[in-house]
Amino acid sequence: MRTILKCGRVFTGTESTYRHDHALVIEDGRIVGLYPAASLPAPGPDDVVVDYSRHLVMPGLSDLHTHLSYGNARSEEEVDLYPNLEYRAIRALAAAQRMLAAGFTSLLDPACAGLVTPSLRNALYVGMFQGPRITAAGQALTARQGLYDYYPSWIGCPPCSTGRLVTSLPEAIEAIRQQTKDGVDIIKIAMDGIQGGNSGGLYATFTQDETTAMIREAHRLGRRVAIHARGREGVLYAARAGADILYHASRIDDEGVRAAAGEGCTICPSLLMLVNNIQYAQPDDPSYDWWPNVQRQELAEATDNLRRAYDAGVPILSGSETGFSMTPYGEWATRELSILVSFLGMPADEVLRTATHRNRCLLRGGQEFDSIAPGKLADLLVFDGDPLADITQLEDRKRMTDVWLGGARVVLPDMPMEIPRHPCENAQGYWTRTYTRASTGHTPMQLP
């Protein structure tokens with residue numbers, strides 16, 4: 001039995017324009033044909049025909065920066081200390097399904113506590129539950145000047161943390177080998193945090209030699225490497241060492257751009273957190289008096305620096321840093337695409353190709369679902385609109401008509417947009433609310 005989708009328009013993910021009046025033929029979860037409607041072979045008696053002649057059909061969206069285990073956290077303590085890992089794993093399923101309902105059929109989770117997300121990945125892969133295709137890291141590797149070493153030195157990184165504190169290069173290499181044995185897809189390294197020095201910018205967490213050795217070992221073991229780095233030095237060291245993904249890279253300089261371009265690095269800016277917190281943070285948020293101002297400065301620098309990297313040919317990927325109270329699951333992830341257009345000046349067709357095709361090169365098995373073409377898995381988003389004309393339409397959930405995964409229409413139970421919170425999750429935090437479209441009025445994005 002085949003499924004035939006009659007499509008008003010098709011965006012294949014590899015082309016810059018739509019194909020009009022085409023039909024998709026799906027069998028055994030894969031696309032077996034893409035025909036002009038006039039050339040479609042007659043359906044067989046057992047074939048199922050679905051009429052999307054008034055809609056756009058495109059590959060499902062992908063997001064390269066979704067923290068499924070964070071639970072829309074309001075503070076780092078809520079990320080790392082509350083609640084236990086077993087609860088986080090169950091909650092991560094609720095997060096993944098909300099992202100799937102929002103049109104994201106594939107995700108990369110670059111850091112989690114324990115093996116929460118790799119375990120969820122495996123459960124979804126064997127079909128225990130319905131959810132997106134997941135590429136998973138474990139704990140991010142950090143040192144004293146890095147993100148994830150949030151707490152006083154007499155506490156360090158607790159075992160339940162999303163970071164793993166390493167105090168020597170041999171310890172870092174051992175952590176990479178252990179994570180590889182445990183089945184992670186990608187190794188994350190925190191190359192800076194919040195500490196800066198006299199030279200300006202943030203201290204790099206690791207030296208150049210340490211960074212190079214860590215990335216070389218991960219690559220030797222067949223694992224890609226994702227880097228958290230906002231500062232100049234950390235970005236440069238990671239780019240020279242050939243990291244696969246540079247998250248943020250807000251203060252990349254010309255030397256860093258040359259290194260990233262020369263070593264084949266990609267950049268995932270993840271600017272949504274900055275844009276939303278600048279626009280929506282409230283006076284009763286604990287970080288209100290300082291964080292939005294810091295982020296305004298970073299956003300201004302990132303806009304200029306990342307544009308230079310883009311102009312130099314460094315591939316720009318899309319990932320929303322979903323998982324915090326300011327970036328809750330299924331709410332804002334598509335705004336990251338609008339940000340790439342508005343702040344970096346990327347053409348809408350390139351941004352859409354990034355979210356539906358280019359991102360997949362970093363995902364587990366991504367070549368299997370990176371476009372609408374014969375032989376590819378039928379992971380699809382059916383959309384009522386024209387995102388090439390107006391990329392912000394993707395922020396309107398009402399336009400998401402259907403999501404297909406592996407050739408089957410996704411049917412999920414009705415879920416409140418906010419994941420219900422148990423008291424075990426609570427700690428003092430950055431925000432006092434979850435910023436949904438309803439609570440903010442979904443006002444148009446404001447440029448500072």
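The values are calculated or read from the model by the stated rules, or taken from the named source; none is laboratory data. Since we're looking at a predicted model, the values are computed, not measured. Glycine also receives a Cβ, built like all others from the backbone with ideal geometry; neighbour counts cover every protein chain displayed.
For the reader, a short list of remarks on this structure follows.
- Test set (1) loosely packed, with under 15 Cβ neighbours inside 10 Å; (2) touching a strand residue (DSSP E or B) at 6+ places or on another chain (Cβ under 9 Å) - Ser16 fails condition number: (2)
- Residues (outside any strand (DSSP E or B) and not aliphatic (A, V, I, L, M)) located in the stretch 4-42: Phe11, Thr12, Gly13, Thr14, Glu15, Ser16, Thr17, Tyr18, Asp28, Gly29, Ser39, Pro41
- Exactly one residue among Ala281, Ala204 is more than 22 Å from Ala136 (Cα to Cα), assigned by TED's automatic domain parsing to the domain that holds Glu336 and in contact with a Pro (Cβ under 8 Å, 6 or more places away or on another chain), and that residue is Ala281.
- Of all residues in the stretch 140-166, those that are hydrophobic (A, V, I, L, M, F, W, C) and not in a loop (DSSP other than H, G, I, E, B) total 3.
- Taken across the stretch 315-330, residues that are crowded, with 22+ Cβ neighbours inside 10 Å, in a helix (DSSP H, G or I) and not basic (Lys, Arg) do not occur at all.
- Test: residue in the stretch 241-250 that is surrounded by 24 or more Cβ atoms within 10 Å (Cβ to Cβ) and among the acidic types (Asp, Glu): no
- Qualifying positions in the stretch 91-124 - over 16 Å from the mean Cα position of the chain (by Cα) and either part of a loop (DSSP other than H, G, I, E, B) or within 16 Å of Ser62 (Cβ to Cβ) (or both): Ala113, Gly114, Leu115, Leu124
- Across the stretch 175-203, the qualifying residues are those that are assigned to a loop (DSSP other than H, G, I, E, B) and closer than 26 Å to Thr135 by Cβ, and the one among them that is nearest to the chain's Cα centre (by Cα) is Asp185.
- Test set (1) surrounded by fewer than 24 Cβ atoms within 10 Å (Cβ to Cβ); (2) of a type outside the set (Phe, Trp, Tyr); (3) assigned to a helix (DSSP H, G or I) - Arg88 fails condition number: (1)
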